[in-house]
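For reference, the structure discussed in these notes is given below.
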């Protein structure tokens, strides 16, 4: 089995991790930071909006079970790619919509999907998702890992992540791991 890696910024990494971890073919999802100028940034540093990092989910997947295009479909369906530096109440460049591509094939597929969604007028406003070369990934602090699974009753989880997961599960039911199917 040859695994591949995709790195997506779609707002809060707690949400992204919860969503991507339920997909069949996804081996691992790790929250962290990419796209900035500071090595090994802390959450507190990233939250100052001065490091240039985005909160990301780094997804390790088996392309024999799920394609990069399918991951992109989930990415574009589970956040608002038309708001600059914001997802819901979360605001700042660390919450930007961004695809960090790992190779030319990922770059081309991301560009193709953005063009298709734009041509289809899938969103009311223009897509502002950045498509940027991947350079480095810094894992988030341990307390961010599996946040939703470990804290399902926390306020943010109840108000933001649970409804997002319900919508995601309904839309992508055939793509879910067996134990996640509704």
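Every number in this text was worked out from the coordinates using simple rules, so none of it is lab data. Note that the coordinates shown come from a computational prediction; the quantities given were computed from them, not determined experimentally. When we count neighbours, we look across all protein chains shown, and the Cβ atoms used for this are built from the backbone with ideal geometry, even at glycine.
Summary table below
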| read-out | value |
| --- | --- |
| Gaussian network model of the chain, Cα within-10 Å springs - most flexible of 123, 134, 76 | 123 |
| For the chain, built as a Gaussian network whose Cα springs stay under 10 Å, the top-fluctuating residue of 74, 38, 46 | 38 |
| Ranked by how many other beta carbons lie within 10 Å on average, peptides 57-68, 141-152, 18-29, 83-94 from highest | 18-29, 57-68, 83-94, 141-152 |
| GNM flexibility winner over the chain from 34, 16, 42 (Cα, springs under 10 Å) | 42 |
